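Peer 1: This structure is in structure tokens; I'll ask about it shortly.
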Amino acid sequence: MSTLRVGVVGASGYSGAVATRLVATHPRLALAFATSDRNVGDGVAARLGAALPGDVRFVANAAALDHAASCDAVLLATSAEVSARLAPVFADAGKQVIDLSGAFRLDAEGTKRWYGLEHGSPAWLERAHYGLPELFGAPPAGALVANPGCYPTATLLALAPLLRAGLVEPQGIIVDAKSGVTGAGRKAGEEYSFVEIDGDVRAYKILAHQHTPEIARALSRYAPGVRLTFTAHLLPVARGLMATCYARPRPGTTRQRVQECLTDAYARSAFVRTVAPEEVMLKRVVGTNLAFVGATADDDVVIALGAIDNLLKGAAGQAVQNLNALNGWDDALGLQGLQRAAP
């Protein structure tokens, strides 16, 4: 059985560290290298608690391209600016690329507006595959995979099937989403300290969040004229994300129809579970690559909910799922043994 050699760039961030552990324990993957400026020279196994054969040590982020020859695929857990520079070089060298940043999720105009990037690789931007397998299938061979954001993943899994089935109007959608603090990345600012976060809930990037156009762009593949308001909130928990989506029902839409729509959409999914809306909760998903979705409706509104672990199905777990799909393996390979963090 062949083994795919994988490099992880940005392996000491939250998503990168989880991705490194998943690669290290995957039956078809081998960790080729891992980069981290803060841990250069340290053993990866000791730092991340991963079971690794041999003595794999962190190398500097700047050395990532120097190690390209040692890998078949690369996971980029880096900023959009860094990913925009590195991803095309790895891809041009024939490596499979899964990018966890937002560098390849929008078009050139959107990338400039929302990420402040003048994209230097428009050809790869056009070819990038938006990697939400349950909705958009396996990446085509040779594609650069843009791993979706955590907020868009929960939102799209809950809402997209309803829009695709014509059960809700594409205008006037409201997404109220909340994430654990790890969703903000590994930051040391005062606003992310325990005293500031504990016992509080706050909205951020109001009317200016980069995931707004990402959600709208993906939903527009199912219906034209999508208009939505997205608001992100920070929860005083480490991990977990929930999106509550509000939409106007179309004539004939009922509670039974919206629930059946989600059930049918994910009947063959390895990871998405359709449950009663009241059962969509963080404790059911944190620590796993699962997504719980549910929906209900009355004459005035459809409410769809999605919950995920922001570091797994919202980032590293989904990246490995995309790598599985890219190689024709079962979606759940290397991910089925994950255990939720609470009963």
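The values are calculated or read from the model by the stated rules, or taken from the named source; none is laboratory data. Only a predicted model underlies this, so the values are computations on that prediction, with no experimental measurement involved. Surface accessibility is based on the protein's heavy atoms, side chains included, excluding ligands, DNA and RNA. Shrake-Rupley method; radii C 1.70, N 1.55, O 1.52, S 1.80 Å.
Peer 1: Of the candidates Leu241, Leu333, Leu312, which one comes out as most mobile in a Gaussian network treatment of the chain with C-alpha springs shorter than 10 Å?
Peer 2: Maximum fluctuation in the GNM of the chain, among the listed residues, is at Leu333.
Peer 1: I would also like to ask the following. Enter the accessible area of Lys178 (Å², nearest 10), with the probe set to 1.4 Å and all protein chains included.
Peer 2: 60 Å²
Peer 1: Let me ask something else. If you compute Cα extents along the principal axes in Å for the structure shown, which of [x] 61, 45, 41; [y] 67, 65, 36; [z] 91, 44, 35 do you land on?
Peer 2: Computed from the coordinates, Cα extents along the principal axes in Å corresponds to [x].
Peer 1: So, in the chain, how many Lys pairs have Cα atoms under 22 Å apart, if the pair is 8 or more places apart or on different chains?
Peer 2: Here the count comes out as 8.
Peer 1: Computing the accessible area with a 1.4 Å probe over protein heavy atoms, can you report the carbon and sulfur percentage for region 172-287?
Peer 2: 52 percent
Peer 1: Tell me the relative contact order for region 191-306 as a rounded percent, counting alpha carbon contacts under 8 Å between residues six or more apart.
Peer 2: 25 percent
Peer 1: Taking the chain as a Gaussian network, where each spring joins two C-alpha atoms under 10 Å apart, which residue of Ala24, Ala69, Ala158 fluctuates the most?
Peer 2: Ala69
Peer 1: Now for a separate question. Do you know the relative contact order of the chain, to the nearest whole percent, from alpha carbon pairs under 8 angstrom that are 6+ apart?
Peer 2: Relative contact order, the chain: 17 percent.
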